[in-house]
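Below is one structure, written out as structure tokens; comments come after it.
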Amino acid sequence: FAAQRHVLTYMEDAVSQLLENREDISQYGIARFFTEYFNSVRQGTHILFREFSFVQATPHNRASFLRTFWRCFRTVGKNGGKYSSICCYLLTAQEYHCLLQLLCPDFPMELTQKAARIVLMDDAMDCLMSFSDFLFAFQIQFYYSEFLESVAAIYQDLLAGKNPNTVIVPTSSSGQHRQRQLPNDCSPLDGVEASLFYQCLESLCDRSKYSCPPSALVKEMLSSAQRLTFYGFLMALAKDQGINRALGALPDKGDLFLDPAMDQELEKLVAQVSSLSVSGPTSSSGDTAHLPVRNSPRINPPWKPLHHRRKMDAESEGSNEETDSSEN
């Protein structure tokens, strides 16, 4: 159970955070720190502003990042924009990458580009994409990245007429296996035979230690196709709602712009801001009366993302140097 849930990964990260921020944590207590840390893991907020190596470290981290990205930026797909007449913003791969970096500053551009190629079918990378198209393509590319790398290698082998190492096609009781070649009249544009491709994927899913989509859903998805291309397969994965539900990070496409819990929180926040922006009556001296300040209790988290702490320390040292030079 501990290995399946990657408990050791979170324990090591918690201890690392504890040692890095021990001065701040000392005023809260170690027990409270661990309680808040694992509550954040359970809620999926532990990946915010963390380094990419941690964000992709476990399937739960990846699902949490996908869910957070959707909740933070779903209004990009809901609001009308200058590029679209169908009530949604259309953004380029570079612009979506900027949004990803708001949550993970060192998120690699390569993953964003791979997700964009699923939508654009390897067309020009500066083309515009809707939020929903990019999001579901990004989900497949990010969550199943290792699986897709293996699939790409298998596809190229089949395209070249080779028999990938993961494919076993029994032909007789002797246990010998037959290598199936593509017909000579098939071009790369035609793709590969869907049934043979699925046999490769089924064997890959059985042997892979990384996350793979459910093989039964993949089989159902490919059952109606005779041949398919690599990007056609990726697009089919991105659009399949059964695979989306099995992954469990995002809602169905029809509910993509609905998040009642987040909407309720936003309404509360807007109401608070509106109440604070109301001006009070003018005093006899012409000055505006000050609104009463509501002292709401605020509890600072007992730990900070490591790169934020280093950045704050660097800025503090820089400001001290400027002060010293100005005094001299």
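The values are calculated or read from the model by the stated rules, or taken from the named source; none is laboratory data. Computed from a prediction, not measured in an experiment: that's the story for all the values here. So basically every Cβ, Gly included, is an ideal-geometry build from the backbone, and we count neighbours across all protein chains shown. Please note that ligands, DNA and RNA were not included when accessible areas were found on the heavy atoms of the full protein model with its side chains. Shrake-Rupley method; radii C 1.70, N 1.55, O 1.52, S 1.80 Å.
The set of residues in region 231-252 that are among the small types (Gly, Ala, Ser) and within 21 Å of GLU149 (Cα to Cα) comprises GLY232, ALA236, ALA238, ALA246. Of the residues making up region 115-145, those that are in contact with a Cys (Cβ under 9 Å, 6 or more places away or on another chain) and in a helix (DSSP H, G or I) are ALA116, VAL119, LEU120, PHE131, SER132. Elements of the type helices (runs of 4 or more DSSP H) sitting completely within region 204-278 and holding at least 2 residues that are open to solvent by 60 Å² or more (accessible area, probe 1.4 Å) and modelled with pLDDT under 90: these cover 260-277. Filtered by the rule that a residue be open to solvent by 10 Å² or more (accessible area, probe 1.4 Å), within 13 Å of the chain's Cα centre (by Cα) and free of Cβ contacts under 8 Å to residues at least 40 places away in the same chain, region 32-67 gives THR45, SER53.
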